[in-house]
There are 2 protein chains.
Amino acid sequence: MSPALERWFPILDWGRRYNRSLLTADGVAAVVVTLMLIPQSLAYALLAGLPAQAGLYASMAPLVLYALMGSSGTLAVGPAAVTSLMTAASVGAVAAQGSAAYTEAALMLALLSGAIMLVMGAARLGFLANFLSHPVISGFVSASGLLIAASQLKHLLGVTLQGDNLLQLLPQLWHNLPSLHVPTSAMGLGALGLLLLVRRQLKPGLKRLGVSAGAADLAAKAAPVVVLLLNIALSAVWQLAEQGVRVVGTVPQGLPPLTLPGVSSGASATGGWAAPWALAQALWVPALLISLVGFVESVSVGQSLAAKRRERIDPDAELRALGLSNLGAGLTGGFPVTGGFSRSVVNFDAGARTPAAGIYTAVGLALAALFLTPWLFHLPQATLAATIMVAVLTLVDVGVFARTWHYAKADFIALLLTFGLTLAVGVEAGLIAGVSASVLLLLYRTSRPHIAVVGQVPGTEHYRNVLRHAVLEQPGILGLRVDESLYFANARFLEDTIAAQVAVRPGVRHVVLQCSAVNDIDASALESLETINVRLQASGVQLHLSEVKGPVLDRLQRSHLLAELSGQVFLTHYQAVQALTLVV
Amino acid sequence: MSPALERWFPILDWGRRYNRSLLTADGVAAVVVTLMLIPQSLAYALLAGLPAQAGLYASMAPLVLYALMGSSGTLAVGPAAVTSLMTAASVGAVAAQGSAAYTEAALMLALLSGAIMLVMGAARLGFLANFLSHPVISGFVSASGLLIAASQLKHLLGVTLQGDNLLQLLPQLWHNLPSLHVPTSAMGLGALGLLLLVRRQLKPGLKRLGVSAGAADLAAKAAPVVVLLLNIALSAVWQLAEQGVRVVGTVPQGLPPLTLPGVSSGASATGGWAAPWALAQALWVPALLISLVGFVESVSVGQSLAAKRRERIDPDAELRALGLSNLGAGLTGGFPVTGGFSRSVVNFDAGARTPAAGIYTAVGLALAALFLTPWLFHLPQATLAATIMVAVLTLVDVGVFARTWHYAKADFIALLLTFGLTLAVGVEAGLIAGVSASVLLLLYRTSRPHIAVVGQVPGTEHYRNVLRHAVLEQPGILGLRVDESLYFANARFLEDTIAAQVAVRPGVRHVVLQCSAVNDIDASALESLETINVRLQASGVQLHLSEVKGPVLDRLQRSHLLAELSGQVFLTHYQAVQALTLVV
């Protein structure tokens, strides 16, 4: 079998080695993840503004498709908190929630995001995800957690709330809180309290009662499902739906339909292919952002879980697999999916070894869709909201603000900007501003590099910063060490700095640039060096270079600089000063 | 006097030292520049799509205002080729050429660009101009030269042409060329030939005839004015206007009017302040681009001329002065101005010493506006077009393509993209794509840094790349040198590379990162190092650092990394290997 084919379809590799022991391990993990995924899939559909079945559909085909091309044995693909929030924000901007156009747009978003990921994976553009710096991701994820929690208050308390950011949500909450729906609030807050209690106390409590660690762990994992069942039972017995508590209601029984946005619904009647095309144009930017965020979430958790077993994952293969998976979500009535953080950790802990665990999970969800949906009728939406709020609490990282402020102010600015704008304006604005700020701050930082005047450490061949060390300077020779690669953003600064340093030292006849920290010189910096050379020469000063790295020197030899240089290139700064002292 | 006030108003400094000899020098230069500026100001107004007087107006108040705050003694401010082209493109997008709204929009553009420059200068944001890399500027300026030449063909040949890019202009030219206006073409091509001949042959020709170098030089500078006068005379004698040759026509005699966009014209009647506000919103992006391009052109020529006299200019002062100058242009019937390249060189060569030369030039232009405008009636627009085409020929740099291709492929991509998009789509698209490409290519380049496995040069304390040198590796110890600062774009690559290198060396117990080329570690890279540390530790490998630079170590000490590091920080890589060999 060709290695290239195996690289694209890792299933061809692990599938051949599949055996009974792997089957058992994957099967056990699949049961645990299925129990977790049923309520989560419903809850994330609610968060995305879609009917409950969309969550179930997004948890079947995408998982099977991921298994064909994915390289991680533990990643649990499906609807996830942040991407569901982003889906709600971007789809809500083009269609009214509850309308057929809304469902349509969610499908298109999944298709677009799948296509973007597939193309990026095929073109090996996985590195683009690196443009999301850690502070931007932290700020974005923390703010998303708060936004998600805020957006669920309407379901939890039965109040009217609409909006994509806190500036819209909070005043409405303040205004509408007095008119909250008491039975809904009671149900929601009760479920929330119970879930928090179970999450924090159940495992240590059981252990204290002498239950084995394994059994306590399993009980803690199954507990949210028990809370859900309890809520369904209460809701059914008390007939809460008749008291105005919103319940999930009728979920169509059966497997996912085949869907094609713009063709399956009335949109095709009104605009033929024009309507889906316009929809795609309106949604491609959010789809790109969802792809990036989803990919980063997926690859981060996938990598750290793989590393624990000294395995590796292939980021580009992950991109392609997630792409296929999202295409599948768009074609089978779902919405954008990704490898979720919490479920993947559970999958890993439960012993999943290959992507086959995902296939078994999909089978579990299919069984649920076929046989359990009537049971979901009485499930209060407030209970699902409570499930979401408990899950997203872990997203909010308070400590990161202090840590980042302490470590690097520029990173802190990017963090705060992303966090603030995500909360105050929305997910798209926050993410775009954060990425732009990261890049601008990087350019700003490197645009004024540290340039030290260096002198000789007495009795050695070493040269150090004259401001930090007691060193000797040779008259007539100015040694400068640039602590940064030279490129367009700092080329002019170099010109300025050298001009300023020479201007205050009228006796200088030689400038030696120590290039030990210069990893690259781009075309802009090359022109600046040529300009510096010409200007210094015009005022009777020679320009020399020392300690130029191999690859940098190779490249300089392809330019005119070395031929036109008024001075020389020296292997070491010491040799330069030795040779020039003789001349002076 | 306070130094801060002098920094903002350099005139307070040089004005006090002004004397008769400076007056003479500046006065002579002003006469030469005035002779050059009269035809150029008319021509650039034509290029910008404005009536001729706008060019004269833009050459008075802005020059005086620049003199108050400018730090360059030789910069000749006024209308310039590239900014005039950009004005035509951006104003043409919001109003029809020839309408009152068009003039209005040009004034608004100058005001906005002035305000942007003032704010940037006050906030010391001059470094933002560095984001325009040399290849982007080269590609943009060369393409602008070709676009300007193409846009002037309609005046030169008397054909109908409309558009902002070659894809629009060339097919029209092909289609409309047969219907060119013969008398206009004869006049235009004649003037073009004569100007080219004068430019290339007059000075050497006169010298061959025994004329002194100085006189030949002066004759060459005055020649374009003579060509202009000759054309006016021919046009008047042959009554070309009656044969359909477009002439400048009636230019209002007198000094500039006071103008306030949105108030001076009918726009205020329809929308009050809403109209100028909407106009400002539509024009702020082009205004920002014009500011950046104008500033870069200005500061480049200003700096290189100042350096020839071992003087310096202050980029932020230049920004403020150009900002004031553009505000002046917007308030006195002009359009965006900048320090032009060719006129500044002439100003310098003619001996200008202080910004007062600009004030005298403005007086010269005022005299022209008061007394010479009737003479301009018969000046054919084709002659002005020829003037522009000869001037912009110098903008096109063919050699830069080969040079950049040869030196650095990434820079070549940015160059070609900027050049191609400017020609094919327009000035704004070209510039924005070029800047984006520069930044993306920079991030891409630094996102996969050179990471070398290093070994000991036998018998020394030096460590070098094992692939380039015959060096010794210690069993159990993996030495890695990262040739780049560690930041968000390459943090994940570092994780991957270390994981891959350790995976193929099962015997490794220590990884030593040699950080001699690491100038910075941002918060993202810090998290990656923490992740690498934890992952290596989980698989029984210790992580060490060596040769960490002072400022980088200072910062690391403010993080948790050093406390949690499984290994140690060594001063030199040699010490690290010595210490760890004992352990292994």
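The values are calculated or read from the model by the stated rules, or taken from the named source; none is laboratory data. In this text, all values refer to a predicted model and were calculated from it rather than measured experimentally. Neighbour counts are summed over all protein chains in view; Cβ atoms, including those assigned to glycine, are modelled from backbone coordinates with ideal geometry.
Quick one: would you say B:V508 is modelled with pLDDT of 90 or more and within 39 Å of the chain's Cα centre (by Cα)?
no
Does A:A500 satisfy the condition of being surrounded by fewer than 19 Cβ atoms within 10 Å (Cβ to Cβ), at the interface with chain B (Cβ under 9 Å from one of its Cβ atoms) and of a type in the set (A, V, I, L, M, F, W, C)?
Criteria met by A:A500.
Checking the structure you have, find out if any residue of region A:367-376 is of a type in the set (V, I, T), over 19 Å from A:L305 (Cβ atoms) and assigned by TED's automatic domain parsing to the domain that holds A:S41.
yes
Of everything in region B:516-526, what is surrounded by fewer than 24 Cβ atoms within 10 Å (Cβ to Cβ) and of a type in the set (D, E)? Give them in sequence order.
Passing the criteria: only B:D520.
Kindly list, by first and then second residue, each pair from a residue in region A:301-312 that is within 21 Å of B:R505 (Cβ to Cβ) to a residue that is among the basic types (K, R) and at pLDDT below 80, limited to pairs with Cβ atoms under 9 Å and residues at least 6 apart or on different chains.
From region A:301-312, the pairs are A:Q303/A:R312; A:A306/A:R312.
Among residues belonging to region B:271-309 that are surrounded by fewer than 24 Cβ atoms within 10 Å (Cβ to Cβ) and of a type in the set (S, T, N, Q), point out the one that is modelled with the highest pLDDT.
The selected residue is B:Q281.
Checking B:M86 against (1) under 13 Å from B:G294 (Cβ atoms); (2) not in a helix (DSSP H, G or I), which test does it fail?
Tallying (1) under 13 Å from B:G294 (Cβ atoms); (2) not in a helix (DSSP H, G or I), B:M86 fails exactly one: (2).
For region B:402-409, check the following and say yes or no: at least one residue is within 11 Å of chain A (Cβ to nearest Cβ), out of contact with any Phe, Trp or Tyr (no Cβ under 7 Å at 6 or more places or on another chain), crowded, with 20+ Cβ neighbours inside 10 Å and of a type in the set (G, A, S).
Yes: one or more hits.
For region A:527-546: of the residues being among the charged types (D, E, K, R) and within 19 Å of A:Q557 (Cα to Cα), which is surrounded by the most Cβ atoms within 10 Å (Cβ to Cβ)?
Only one residue fits best here, namely A:E527.
Which members of region A:41-78 meet the condition of being modelled with pLDDT under 95, within 24 Å of A:Q381 (Cβ to Cβ), in contact with a Ser or Thr (Cβ under 7 Å, 6 or more places away or on another chain) and of a type in the set (S, T, N, Q)?
A:S41
Restricting the first residue to region A:408-437 and requiring it to be farther than 18 Å from A:V293 by Cα, which pairs with a second residue that is of a type in the set (S, T, Y) meet a Cβ separation below 8 Å and a spacing of at least six or different chains?
Partner pairs satisfying both residue conditions: A:A410/A:Y444; A:D411/A:S133; A:D411/A:T404; A:D411/B:S524; A:F412/A:T404.
Could you tell me whether any residue of region A:154-176 is under 17 Å from the mean Cα position of the chain (by Cα), away from every other protein chain (no Cβ under 14 Å) and among the small types (G, A, S)?
Within region A:154-176, none of the residues are under 17 Å from the mean Cα position of the chain (by Cα), away from every other protein chain (no Cβ under 14 Å) and among the small types (G, A, S).
Considering only region B:456-493, how many residues are crowded, with 18+ Cβ neighbours inside 10 Å and of a type outside the set (K, R)?
18
Here are some residues: A:R353, A:R312. Which one is of a type in the set (K, R) and at pLDDT below 85?
Answer to the check: A:R312.
Starting from residues that are part of a loop (DSSP other than H, G, I, E, B) and at the interface with chain B (Cβ under 9 Å from one of its Cβ atoms), keep the ones in region A:519-563 and report whichever is farthest from the chain's Cα centre (by Cα).
Looking at the filtered set, the residue picked out is A:S539.
Just the residues that are in a loop (DSSP other than H, G, I, E, B) and either away from every other protein chain (no Cβ under 14 Å) or touching a residue at least 12 places away in the same chain (Cβ under 8 Å) (or both), please, taken from region A:89-140.
A:A93, A:V94, A:A95, A:A96, A:Q97, A:G98, A:S99, A:R124, A:L125, A:L132, A:S133, listed by residue number.
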